[in-house]
Structure formats: structure tokens, C-alpha cells
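Written below as C-alpha cells is the structure these notes are about.
The values are calculated or read from the model by the stated rules, or taken from the named source; none is laboratory data. Bear in mind the structure is a predicted one, so any value in this text is a computation, not a measurement. No Cβ is skipped: glycine too gets one built from the backbone with ideal geometry, and neighbour counts run over all protein chains shown.
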Amino acid sequence: MKRPLHILTVIGARPQIIKASAISRAVAGPFAGRITETLLHTGQHYDANMSQVFFDELGIPQPQIQLGVGSGGHGQQVARMLEAIEKHILTLGPDLVLLYGDTNSTLAGALAASKLHVPVAHVEAGLRSYNKAMPEELNRIVCDQCSTWLFCPTPAAIANLEREGFSSMPSQPPTIDRPQVLLTGDVMYDNSMHFARLASTRTSGVVQDLGLRPEGYFLATVHREANTNDPDRLAAILESLLDAHKAYDIPVVLPLHPRTRKCIEAHPDASLRTRIAAAKHFHLIPPAGFLDMVDLERNARLVVTDSGGVQKEAYFFGRPVVVLRNETEWVELVELGQAILADTDPTRIRAAIDHFMHHPVPKVPALYGD
Ligand code: UD1
Ligand code: UDP
């Protein structure tokens, strides 16, 4: 009998853990016996509500390998991961290394595997912001260059790769020099639908705990390095949310990434913290589990975010999105009027919110597969 294909999956940050659940379900289900998966967690995210909660809720097997790398500067974090991942690849001898997205864990996995001539499969290949000041852009470009299989969620991602010299013609057998570029759709569509069904069976959760009504609140998330480490940009975002909260007399729910919580706590403008604390129904809550997050997204009146994943999930649930960035990888959402780019400019953020409060989101076709 043929030996099962052995995949080493590298995860580390919250969105990768969530994405990995779709493939882990398939490996345990339709591909049982044909594929074996070893999960390696770099430890990039480590707080219980940034990591363990997803294993508990989403039925992902516990990682067999925990690197425990933790936080650090980009170089330090990637270096620690790289050294450890290399060691495990040499010990395990996987047939391929599977990587998600664009984090430092993705970059370390891509470099470690490709230098050892182990093929890399990249889920979310081809996404580009064309802004190399964002750390994720370099991670994506390097990971795509190291990959043998490039799984693209959108035609726009394929077009980005073609502009960089990749060919989407079939390549047999694919190699790192003649990689295979494939349009696969987005695993988060599968996950969002799957876990929305599961979330519907619950009778309690954060929506109930906060007494939120369907379409009766704004959901916001902020965590990008550029939006949190810069006190002016962070203040502009929070002031804009306070302004909209007051103008529409509507609750705001902001599950705080630990980076953002730390930056708010250390913010030089103490009056900002005082005004947030005094604002009634302006809820700063800990990072949500994914079932709570799905509930928060599908019931929100609108979503304000700088997250890549949350932009798309808002669309899956028919919610309009104000994007706290000047560009997005999910260009189709902007082109079709589902999302508006507002950066951190209070005037643009308020105009985008006003627009969506007065105009329904257009009917948008299925953009990310079925
Ligand atoms: C990382 C990814 C980003 C992704 C995000 C998902 C990189 C360069 N960035 O950003 O692409 O969108 O994850 O959430 O890989 N911290 C904790 N506890 C944790 C994790 C982080 O306190 O469990 C704090 C630490 O102070 C840390 C900071 O958050 O320094 C930033 O964490 P890090 O993983 O470096 O970057 P993210 O902003 O999470
Ligand atoms: N998410 C979550 N709880 C939260 C915030 C986000 O479960 O409090 C989920 C979200 O639904 C999405 C993923 O985490 O699936 C996105 O992660 P994040 O915004 O941290 O990173 P990005 O997508 O920008 O890389």
C-alpha cells in the first residue's frame, strides 16, 4: 500500500490556527489514511485567548510540536523559529510543508523548508498590498518565491503572481522553479460557514452577555503594527469610534488584540482612556473566541477593521466594512462597494460609516469560491 503523504503544517498566529482547522478537518475526514499531518506551533501567539481557545473550540488536534518562541523583534522572532523549524524538518522528513498567510511564522517556515529542498504549499498565495512598509508584504513575497504549490484565493491574487513572472499554466511535476499556481477560493469561507452553523446551536456567548441586538452595534478590530504602535494613528481610530458611537447612539464592541491593549494602556493621552471608560456601551473586551467572533460579525450593523480576515468574514455575512487602511489585499470588496478604505483619517472614517448607515450594501456575487 502507498505510504500516506506526510504534511508538516506550520502555524503560530491566531488566523493561521483558525485557517488550519479547515485542512485538519479534511485530513481527519475524507483524506484519512492518505494524508498524515504533523502540526507545529511556533508560539508566536501564546495567550490562551489568542491560541488555545481555537484548539478547544474548533476541534483542531493539539500540535505535536510547540516551539514556544513568543514575542520579539521581527529578526529575533524569525531567527528563533527558523532554527527550530529546520531541526524538526530534518528529524521528521515531511513530504511537504504547508503554510498559511503572511506572518513571521509563515516566513520562517518558507525559508526553513525551501533551503532544505522540501516543497512548500502556500495557502493565501498571491495576495499583495503593494506596501512593503507592512511586515506582512515581505513575508508574502518571500513565501510565494519559496513555494511549489501556490493556492490563490482570488483571480486578483493569480494576476498579482503573473505580474511577478509566475505562470498559471499546469506544471508537471511542480517544483520550486516551476511552481503550480492554483485558484482554490478561500478556506475561511468553508470555516465561516461551518462554524457559523455550530455557533447557532449555542444559547450563550458574548452577544448575549453584552445584551447586543441584531444589527444594533458596530464591531471593530484594530491590531496592525502601523495602527497601534503609532499613538496618533491609534488615537485617530479610537476618537473616530467614539464619535460614531455618540452620533448614532449605538454600542461599539472592540475585542482587543493584546498588542492594542498594551498600546492603549501606554497611550500618552490619558484623557482618551478616561473618555473610553466613561462611554456607555463602548465595550473593550478581551480577544473573542472564533464562535463568539462569528456571532459578533454576523449580527453587527457594520464592521470597522484593519484585519484581513475580518474584512472577508464581514462580507461572508453580508456586513459592510470600513477598512482602517489605505489599501487592502481584498480589492474585490472595495471594487464592489462592500468595503470602503478610510485609513485612519477621522473624516474618511465618519463618511464611510455615514454612507453604510444610509445605503444598503450592494448584492455581491460569491467572490471566494464555494
Ligand atoms: C501578527 C502578524 C499579523 C497578523 C496578526 C494576527 C507578523 C509580522 N504579524 O501580528 O500579520 O495579522 O499576527 O493577529 O507576523 N502579544 C501578546 N500575546 C500574544 C501574542 C502577542 O501579548 O499571545 C503581544 C506582544 O506584546 C507582541 C505583540 O502582541 O509583541 C505583537 O504580536 P506579534 O505576533 O509580533 O504580531 P501581531 O500584531 O500579533
Ligand atoms: N478573530 C477572533 N477573535 C478576535 C478577533 C479576530 O477569533 O477577537 C478571528 C477573525 O474572525 C479572523 C481571524 O481571527 O478569522 C483574523 O485574525 P486577525 O484579525 O488577528 O489577523 P489578520 O486576518 O489581519 O491577519
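When restricted to residues that are touching a residue at least 24 places away in the same chain (Cβ under 8 Å) and either within 14 Å of ligand 1 (Cβ to nearest atom) or within 24 Å of Leu198 (Cα to Cα) (or both), segment 23-38 contains 4. Of everything in segment 1-22, what is away from ligand 1 (no atom under 16 Å from the Cβ), hydrophobic (A, V, I, L, M, F, W, C) and either surrounded by 15 or more Cβ atoms within 10 Å (Cβ to Cβ) or closer than 15 Å to Leu58 by Cα (or both)? Give them in sequence order. The answer is Ile7, Leu8, Ala22.
Set side by side, the residues Lys2, Lys87 differ, and just one is at pLDDT below 95 and among the charged types (D, E, K, R), which is Lys2. The set of residues from segment 208-223 being surrounded by fewer than 22 Cβ atoms within 10 Å (Cβ to Cβ) and either in a helix (DSSP H, G or I) or touching a helix residue (DSSP H, G or I) at 6+ places or on another chain (Cβ under 6 Å) (or both) comprises Gln208, Asp209, Pro214, His223.
Take the conditions away from ligand 1 (no atom under 16 Å from the Cβ) and closer than 22 Å to Lys312 by Cα and apply them to Asp186. Does it pass? The answer is no for Asp186. Restricting Leu58, Leu90, Leu96 to those that are closer than 26 Å to Leu5 by Cβ, within 16 Å of ligand 2 (Cβ to nearest atom) and surrounded by fewer than 22 Cβ atoms within 10 Å (Cβ to Cβ) reduces the list to Leu58. When segment 309-343 is filtered for residues that are of a type in the set (Val, Ile, Thr), within 16 Å of ligand 1 (Cβ to nearest atom) and over 17 Å from Glu215 (Cα atoms), the ones remaining, listed by number, are Val323, Thr328. Taking the condition of being of a type in the set (Val, Ile, Thr) and under 16 Å from Thr106 (Cα atoms), how many residues in segment 24-64 meet it? Number satisfying all stated conditions: 2. For Val364, the conditions (1) crowded, with 21+ Cβ neighbours inside 10 Å; (2) among the hydrophobic types (A, V, I, L, M, F, W, C); (3) under 28 Å from Asn160 (Cβ atoms); (4) more than 16 Å from ligand 2 (Cβ to nearest atom) all hold with the exception of (1). If you go through segment 157-173 and keep only what is assigned to a helix (DSSP H, G or I) and more than 18 Å from the chain's Cα centre (by Cα), you end up with Ile158, Ala159, Asn160, Leu161, Glu162, Arg163.
When Thr274, Thr260 are screened for being part of a helix (DSSP H, G or I), more than 25 Å from the chain's Cα centre (by Cα) and either of a type in the set (Ser, Thr, Tyr) or within 13 Å of ligand 1 (Cβ to nearest atom) (or both), only Thr274 passes. Listed by first and then second residue, the pairs linking a residue in segment 233-245 that is touching a residue at least 60 places away in the same chain (Cβ under 8 Å) and on the phi < 0 side of the Ramachandran plot to a residue that is outside any helix (DSSP H, G or I) and of a type in the set (Val, Ile, Thr), with Cβ atoms under 7 Å apart and 6 or more places separating them unless they lie on different chains, are Arg233/Thr344; Ala236/Thr344; Ile237/Val222; Ile237/Thr344; Leu241/Val252; Leu241/Val304.
Do the conditions hold for Leu296, that is, is it within 11 Å of ligand 2 (Cβ to nearest atom), assigned to a helix (DSSP H, G or I) and hydrophobic (A, V, I, L, M, F, W, C)? Considered against the rule, which asks whether it is within 11 Å of ligand 2 (Cβ to nearest atom), assigned to a helix (DSSP H, G or I) and hydrophobic (A, V, I, L, M, F, W, C), Leu296 comes out as yes.
Checked against (1) away from ligand 1 (no atom under 16 Å from the Cβ); (2) assigned to a helix (DSSP H, G or I); (3) closer than 25 Å to Pro320 by Cβ, Arg233 meets all criteria but (1). Checked against (1) within 24 Å of Val123 (Cα to Cα); (2) in contact (Cβ under 8 Å) with a residue 12 or more places away in the chain, Leu219 passes all but condition (1).
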